[in-house]
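A.B. asks: Please see the structure below; I have some questions.
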Amino acid sequence: MKVLDVIEDFRDDMVKTLCDLIEIKAIAPEFGGDGEFKKAEYLMKYLDGFDVVERYDVKDERVSDGVRPNIVAKVKGALEKTIWIVAHLDVVPEGDERLWETPPFKGVVRDGKIFGRGAEDNGQSIVSSLYAAKAIIESGLTPKYTLGLVYVADEEAGSNYGIKHMLKQKIFDKEDMFVIPDIGTPKGDMIEIAEKSILWLKFVVHGRQSHASMPSGLNANRRAMEFLLDLDKKLHSKFNARNNLFVPPYSTFEPTKREKNVDNINTIPGLDISYMDCRIIPDYDVEEVLDYIEDIRSFHQMKGNSKIEIEIVQKVSSPPTPENAVIVEKLKSTIEELRGFRPGVFGIGGNTCASFFRKSGFTETAAWCTADGVAHQANEYCVIDNIVEDAKVFSILPFEPRY
């Protein structure tokens, strides 16, 4: 097919574009960055020839340009019905730069890979989807379905300025189909159709500050440890169902971050603040989990005769995509045609834009790309062949034989 040849011709352009994108820091203000504006402006230059190009900027006074950008671009097909590919502009910070073998914000090409922060997450898929659309335009062919690209802000820090905003703009139709290329396997042989519910909790445990040699009996540190260990044990016991769609195939409840309490060793803390990351399989309702946590909180508060507070930091849940969904079948058949194998389906414990579409009633939603799974790591990279081969899948997806 002509469009596949065009994509091969674009290989060097794709490498250069991704290297350029890596060099444009697009970090959320929550992580000390200045947002995605410059990256969006760079991408806008590549959208000549598209039938529709729109920006949906959201005001944010925390960034120097004052807005968080979201881009929509379309290549029209014979039908208005659209297959959307949704990727995100923002990246996470580099972490400890001493762990990097190359500068994190410089695209370095080596051994068939491109190294740099955001190379895999989500630069690879921005580039593969962009050049898939450009190949359709250059080929002069008209696909059956319209191909839509959405590049959103704020995916790494909650999505309030990104996909959550876009879902309120009435851009998408319930008959549309969605591919979120933000999770993948090294062969591209699995399609994600479900995500565990995410529940992030903050626990504030009160005690009474005193000298360590004269303990008051209300050591907030000890109370927090007792409470969290009891909660951890009981959550795993109560919500122990297995669902083999996921890896791991069960809900996880992990105590994680703990804030500093006192500066010196010989003071008993009067306040302890801890966090828990819960990833809950769809077999359970998140509200049921929260009710159970509240029962345990109430018991420990009464037992210790001192306050324990719970704050929900993040709560995201969505229904799974049916395994027989049209978009899942189209992805399977397209990948089989191009790569010679038929992918399976799976679920993840992480969170992508797919969960927001599913929660909003867009049942034709799947997440897929080809990736080694090095997102957020030091020395993050993407494989150049994966950019090209994924672009081929995205370019064929809106076509249909004998249409």
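A.B. asks: Looking only at segment 109-134, which residues have a backbone nitrogen under 13 Å from a spot 7 Å from the Cα of Asp20 in the C-beta direction?
C.D. replies: Residues 127, 131 fall inside that zone.
A.B. asks: Can you give me the three principal axis dimensions of segment 109-248 from its C-alpha atoms, in Å, biggest first?
C.D. replies: 81, 39, 34
A.B. asks: Rounded to two decimals, what ratio of Rg to Rh does segment 176-323 give with C-alpha atoms and a Kirkwood Rh?
C.D. replies: On the Cα set of segment 176-323, Rg over Rh gives 1.10.
A.B. asks: Excluding residues on the same chain fewer than 8 positions from Lys257, give the lysines whose Cα lies under 21 Å from its Cα.
C.D. replies: Lys196, Lys202, Lys233, Lys234, Lys307, Lys315
A.B. asks: Please report the relative contact order for the chain, taking Cα pairs under 8 Å with a sequence separation of at least 6, and give it as a percent rounded to a whole number.
C.D. replies: Contact order relative to length: 24 percent.
A.B. asks: Over segment 204-261, what per residue volume does the convex hull of the Cα atoms give, in whole Å³?
C.D. replies: 94
A.B. asks: Here is a further query. What is the Cα convex hull volume of segment 1-65 when expressed per residue in Å³?
C.D. replies: About 115 Å³ per residue, rounded to a whole number.
A.B. asks: How far apart, in nanometres, would the label points at Phe299 and Glu30 be if each is projected 7 angstrom from Cα along the Cα-to-Cβ direction?
C.D. replies: 3.2
A.B. asks: Further question on the same structure: Could you work out how far apart the two model spin labels at Glu8 and Lys76 are, taking each label as a point 7 Å from the Cα in the direction of the beta carbon, and quote it in nm?
C.D. replies: Simple spin-label model gives 3.2 nm for this pair.
A.B. asks: Need the full-extension length gain, Ser333 to Val52, defined as separation in residues times 0.36 nm minus the C-alpha distance. One decimal, nm.
C.D. replies: Separation in residues times 0.36 nm, less the Cα-Cα distance, equals 98.3 nm.
A.B. asks: Any idea of Glu226's accessible area? Nearest 10 Å², probe 1.4 Å.
C.D. replies: Approximately 90 Å² of Glu226 is accessible to the 1.4 Å probe.
A.B. asks: Let me ask something else about it. Jot down the radius of gyration and Dmax of segment 109-180, Cα atoms only, both in angstrom.
C.D. replies: When restricted to the Cα atoms of segment 109-180, Rg and Dmax are 15.1, 44 Å.
A.B. asks: Net charge near Met276, counting Lys/Arg +1 and Asp/Glu -1 over other residues with Cβ under 14 Å of its Cβ?
C.D. replies: Every neighbour counted, the sum reads -1.
A.B. asks: Could you state the accessible area per residue of the chain in Å², with a 1.4 Å probe and every protein chain left in place?
C.D. replies: Value for the chain: 44 Å² per residue.
A.B. asks: Another question, then. Binning at 5 angstrom from zero up to the longest distance, how are the C-alpha pair distances of segment 336-403 distributed in percent?
C.D. replies: Spelled out bin by bin, segment 336-403 gives 3, 11, 17, 22, 22, 16, 7, 2, 1, 0 percent.
A.B. asks: Tell me, in nm to one decimal, what length is gained between His236 and Asp285 on full extension, where the rule is 0.36 nm per residue of separation less the Cα-Cα distance?
C.D. replies: 16.1 nm
A.B. asks: Next up: Mind listing the Cα extents of the chain along all three principal axes, in Å, largest one first?
C.D. replies: The Cα atoms of the chain stretch 81, 42, 39 Å along the principal axes, largest first.
A.B. asks: Please list 3J(HN,Hα) in residue order for segment 50-61, calculated via the Karplus relation 6.51 cos²θ - 1.76 cosθ + 1.60 where θ = phi - 60°; whole Hz, with x for glycine and proline.
C.D. replies: 3J(HN,Hα) across segment 50-61, in whole Hz: 6, 6, 9, 9, 9, 10, 10, 8, 10, 5, 8, 5.
A.B. asks: Using the alpha carbon gyration tensor of segment 25-165, what are the three equivalent-ellipsoid semi-axes (square root of 5 times each eigenvalue), largest first, in whole Å?
C.D. replies: Square roots of five times the eigenvalues give 28, 20, 11 Å.
The values are calculated or read from the model by the stated rules, or taken from the named source; none is laboratory data. The structure displayed is predicted, hence computed values, not measured ones. In this analysis, Cβ positions are derived from the backbone assuming ideal geometry, glycine residues included, and neighbour counts consider all displayed protein chains. The protein model used for the area step is the full one, side chains on, heavy atoms only, and it has no ligands, DNA or RNA in it. Shrake-Rupley method; radii C 1.70, N 1.55, O 1.52, S 1.80 Å.
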